[in-house]
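Worksheet: the structure to be examined is printed underneath.
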Amino acid sequence: MERDHSATSLEDIESLKQRLEDQIKELANSKKALKEEIFKRWRAEEALRESEEKNKRLLESFEDGYFEVDLAGNLTFFNESLCRMVGYSHQEMMGMNNRQYISPETSKKVYKTFNEVFLTGKATKAFGWELVRKDGQIRHVETSVSPVYGPEGEGIGFRGIARDVTERWLAEQACRKSEEKYKEIIETIEDGYYEVDLKGNLVFFNKALMKILGYSSEEMMGMNNRQYMSEKTAKAAYETFNEVYHFGKPTKAFDWELIRKDGENRYLETSVSPVRDSLGQVTGFTGIARDVTERRLARKALEESEQKYRTILQSIEDGYFEVDIKGNFVFYNESMCKILGYSAEELRGMNNRHFMSEETSKMVFQSFNQVYRTGDSTKALGWELIRKDGERRFVETSVSLLLDIKGEPSGFRGIARDITERKRFEKAKERAINHLAHELGTPLCIIGDVLNRMPDELKKGNMERVYEWIERMKRNAKRLSDLKAKIDDILNEKPVLEKERILNIIETAITFLDELKDEPLKEGGDAVRQSIIKRLDSLHKMEESGKETIVLDALIDQVCQEACGCMQRRQLELVQKGEKGIYVEMDPKVLRKVCEGFLKNAIENTPDEGKIEIELKTEDNLAKLHFRDFGIGITPENQKLIFSGFFHTQDTERYASKKPYVFNAGGSGSDLLRARVLSERFGFTVDFSSTRCRYLPLDKDECPGRISSCPFIKDQEECLISGGSTFSLYLPLKNDS
């Protein structure tokens, strides 16, 4: 019995072993099939993601707005062009109902269009939709709408393209208003207006002509000119019309004698121009007929009219000018004198080449020549004028042809608008964007590179390298934090739109950091990322300020000591001189920021072996603080832009942000903009003066960074007198009372 029981147990074990092996094989097959299925799904999802990404890039490249809404009209998907069109951010627009950004009148049109598409299933186009931007501005769009279907073929919403046609709509409105305006002018002018066919029969005229001739509209329609002209005048009219017909040029006729219905004779001064059809063929004549019977009264009215327009020309801010065919001034207003810096007597008879560069003179000749040949007015941009004092100004100019009493060209007239400041601002803005992008981009690239490489070092256990990289990220995070602090000070006093413009740039940096969260990083990398985001996200917060009594020379001592600690290996001499015990009353944090910024700017622009002077004195109830460096100075062109905002004197191509206080570090220029903004906010004054190094007159000229390495000078003394800049603060002294 015992042997039989043992045999049975062995059989059971063998049976169990067989079943286990079968199950293991089955599990292995299932695992293999599951891996293949997972791989297939991964491939499919990857292909879908790439397709979606491609379509998304395509949609974002559209200038037109793309949208998708559900049946209730709530936005479910849209591109950035639509955001720009309506002025909302992507987050604000998601889920927004169309009634929130369209006018009530357009809401009815939208509902009708969507309903029609839903019922018919056919795409359609809609015109005249009005969008109400976030800032309240009305934009006009031309829209296409198509249905969107669900997986079972049911309608679930709509999609479409919205094209902004506001400018075209405004042009059409302007054209319509212009037509109405000219029609109103024709009907309201005292002079008679007429149009006749080639036989001289009236086909159109205004009320003034009816009044001159004394006939009703019904009597005059189709009337031939011989019926209201003397025989002599009819002959003169025929010769004038014949001349205009053959030569195609407008002309004037004087003292035409017309006979009114009541028999009274009136004398008219008349203009005659050809009327052409779409093929350019002359089909009749048009003109203005002025009653000059009371010539003396008409002359007086004309003189008053001329005086009126002369007064208007003298009062406008834009320059008005008239020149003869050779380009010599014959008339101009006071604003033209101010633009050029000459007196009225000096400008009279002056040729345009006298105040233009050779290049601008060629442009002016081409513009004048075109107007002379075509008779059409034109606009010219970017003419460079040279003032009497040598300063260069840029003007936007319109030019029209002047005709003499015979209709022959006698010169040119135009309006010159000074756009110098606008061009300077555009240049400063472009450089500001480039420099600010660099200030953000460099630390972000470094942080991104470190975070990408850190996981490999962590796996290798190379903690020394990891800690080194973490310190590097901290330095760049501080760099971003410092930039944030400067921008924060600036934004405290900037308009909302200006804040949004800079915040958009910072938001791009935050978005970049957000993308790093998906990287396989350790806690250290994510902590750095969160720290940077937290610092940048607080950009909009404003600090409260409070005034305190400050011993100015003591504060300057502290600023200089801290700067000396930060300079490290720089070989510079900081010289403090001036009065002691000077008291001012203001926010110490604000004053420290401005002083630190000016001193840091001086250090970064002074070569090694050089000197910086900080001078403090009182004058006219003001504390005057000067930070003088003996660097290469600033070019005259850049001096006009130095406080314009995020401006740096270096070309963007050569711009490089090094460590603070290093020579030619290439900061963003935010210190100087912050100083100007804070001065306006807290009631003190900032100023500067500069002399460019005579050996390095251009922006592209580089200083070697050490006086003994300069090939142009012999010693330090020669360097100190060759150039430099002084940035100054003027602070009200504390009231003793």
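Structure data summary
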read-out: Checking Asn605 against (1) out of contact with any Leu (no Cβ under 9 Å at 6 or more places or on another chain); (2) surrounded by fewer than 21 Cβ atoms within 10 Å (Cβ to Cβ), the condition it does not meet; value: (2)
read-out: Any hit, region 18-34, residues being in contact with a strand residue (DSSP E or B) (Cβ under 6 Å, 6 or more places away or on another chain), modelled with pLDDT under 80 and assigned to a helix (DSSP H, G or I); value: no
read-out: Boolean, Arg226 is touching a helix residue (DSSP H, G or I) at 6+ places or on another chain (Cβ under 6 Å) and more than 25 Å from Ile185 (Cβ to Cβ); value: yes
read-out: Any hit, region 584-592, residues being at pLDDT below 90 and closer than 30 Å to Val466 by Cβ; value: no
read-out: Residue that is modelled with the lowest pLDDT, among those in region 384-422 that are among the acidic types (Asp, Glu) and over 21 Å from Arg373 (Cβ atoms); value: Glu421
read-out: Residue list for region 62-100, filter: outside any loop (DSSP other than H, G, I, E, B) and either outside the structural domain of Phe114 (by TED's automatic domain parsing) or of a type in the set (D, E, K, R) (or both); value: Glu68, Asp70, Glu80, Arg84, Glu92, Arg99
read-out: Residue that is outside the structural domain of Asp318 (by TED's automatic domain parsing), hydrophobic (A, V, I, L, M, F, W, C), modelled with pLDDT under 70 and out of contact with any Gly (no Cβ under 9 Å at 6 or more places or on another chain), where the choices are Ile505, Ile490; value: Ile505
read-out: Only listed residue being of a type in the set (A, V, I, L, M, F, W, C) and buried (at least 18 other Cβ atoms within 10 Å of the Cβ), chosen from Leu591, Leu622; value: Leu591
read-out: Count of region 93-123 residues which are out of contact with any helix residue (DSSP H, G or I) (no Cβ under 7 Å at 6 or more places or on another chain), of a type in the set (Val, Ile, Thr) and without any contact (Cβ under 8 Å) to a residue 40 or more places away in the chain; value: 3
read-out: Tabulated pairs, region 263-291, first part of a loop (DSSP other than H, G, I, E, B), second crowded, with 20+ Cβ neighbours inside 10 Å, C-beta under 8 angstrom, 6+ apart or interchain; value: none
read-out: Flag if Gly128 is assigned to a loop (DSSP other than H, G, I, E, B), surrounded by fewer than 14 Cβ atoms within 10 Å (Cβ to Cβ) and either touching a helix residue (DSSP H, G or I) at 6+ places or on another chain (Cβ under 6 Å) or among the small types (Gly, Ala, Ser) (or both); value: no
read-out: Selection within region 169-218 - part of a loop (DSSP other than H, G, I, E, B) and small (Gly, Ala, Ser); value: Gly200, Gly214, Ser216
read-out: One residue from Ser361, Ser400, Ser367 being assigned to a strand (DSSP E or B), assigned by TED's automatic domain parsing to the domain that holds Asp324 and not aromatic (Phe, Trp, Tyr); value: Ser400
read-out: Number of the condition not met by Glu92 [criteria: (1) touching a strand residue (DSSP E or B) at 6+ places or on another chain (Cβ under 6 Å); (2) at pLDDT 90 or above; (3) of a type in the set (Asp, Glu)]; value: (1)
read-out: Selection status of Phe512, in contact with a Phe, Trp or Tyr (Cβ under 6 Å, 6 or more places away or on another chain) and either surrounded by 15 or more Cβ atoms within 10 Å (Cβ to Cβ) or modelled with pLDDT of 90 or more (or both); value: no
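The values are calculated or read from the model by the stated rules, or taken from the named source; none is laboratory data. Only a predicted model underlies this, so the values are computations on that prediction, with no experimental measurement involved. Cβ atoms come from the backbone with ideal geometry, glycine included; neighbour counts cover every protein chain shown.
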